[in-house]
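Read through the structure below, which is laid out as structure tokens, and then see the notes.
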Amino acid sequence: MFGLWTPLIALVATLLPLLWIKRWITHHLQQLSIRWGGDPDVALVLYFVIVLPGVVIHELSHWLVATALGVRVRKLALGPVRKGRSKRVSLGSIRVGHVDPVRASLIGLAPLLGGSAVILLIGNLVLGVGELAATMSGQGAAGVLAGLDQLVRVADFWLWLYLIFAVSNAMLPSGSDMAAVRPVLTFLGIAALVLVVVGGVPTIPVQVVEWANAIAGYLASAFGLTLATDLLFILVIGLLTWLTRWIQRE
């Protein structure tokens, strides 16, 4: 129906709710940790432990891309830290040497691509989500239930689901990551605007369109699997929050 725009529309349709869900999960997990731990610092450690696999992949993605681009990594740290007067929470960090804006942007976006790759690998190679979706297609409610039953029977299913949850909630670029990416995106946006004003809307080579669609489709697939997993964990977190409040008689 949407032709060449389908992968991009799918990307936007999965990314926007994912951004909201990530904030919701982060806020409620921290609140739940405070209720369990009592002390904000203890709660921060509990939250860090919950999303630790995702934090490790986030920082390792930075490190791998920086190393591949020939950028010196001065320091890589893991652990919850409150920074600055605003007490902004950092669960991990990497410090690199002097680098140009283009390579800084690639390093900043690395966790998004690395986390998406891990999620897709787990979803397709371990859980077999792609094959399962094809099998359930057109079989109605009975086929869906049978497919879900088959999915849950995968060895260590809940562990793999937790890993998707942890990775997905740490893969989006942090504030410092976006600070590195923003100048390059701004420059590209201005350059594109100038080209349109001077020469009109340019003809985009088919290869570029196919390349962009491949990336958009890749990210949309990872985000879609993430959304399905996060919705399940939202139910769990909501139930735990209700039970905690009931036990504490609030």
* Evaluation of V96 against (1) within 18 Å of the chain's Cα centre (by Cα); (2) surrounded by 13 or more Cβ atoms within 10 Å (Cβ to Cβ) (one fails), failing number -> (1)
* In this structure, is V56 more than 15 Å from the chain's Cα centre (by Cα), assigned to a helix (DSSP H, G or I), under 21 Å from V118 (Cα atoms) and of a type outside the set (D, E, K, R)? -> no
* Structure fact -> When every residue in the stretch 231-250 that is touching a residue at least 12 places away in the same chain (Cβ under 8 Å) and more than 13 Å from H28 (Cα to Cα) is compared, the one farthest from the chain's Cα centre (by Cα) is Q248
* Asked: Which members of the stretch 121-137 meet the condition of being surrounded by 15 or more Cβ atoms within 10 Å (Cβ to Cβ) and at pLDDT 85 or above?
  -> I122
* To do: For T67, state whether it is within 26 Å of L240 (Cβ to Cβ) and β-branched (V, I, T).
  => no
* Asked: Hey, any hits in the stretch 183-206 for a residue that's at pLDDT below 75 and surrounded by 17 or more Cβ atoms within 10 Å (Cβ to Cβ)?
  -> yes
* **Matching option when the condition is surrounded by fewer than 16 Cβ atoms within 10 Å (Cβ to Cβ), farther than 15 Å from F233 by Cα, touching a residue at least 24 places away in the same chain (Cβ under 8 Å) and β-branched (V, I, T), among V45, V12** => V45
* Asked: Can you tell which of W36, W63 is at pLDDT below 80 and of a type in the set (F, W, Y)?
  -> W36
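Residue-wise test of (1) more than 29 Å from T229 (Cβ to Cβ); (2) exposed (fewer than 15 other Cβ atoms within 10 Å of the Cβ).
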site	(1), (2)
W20	no, yes
Q30	no, no
R88	no, yes
A104	yes, no
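The values are calculated or read from the model by the stated rules, or taken from the named source; none is laboratory data. Everything quoted here is computed from the prediction, not taken from an experiment. Cβ coordinates were reconstructed from backbone atoms using ideal geometry, including for glycine residues, and neighbour counts include every protein chain displayed.
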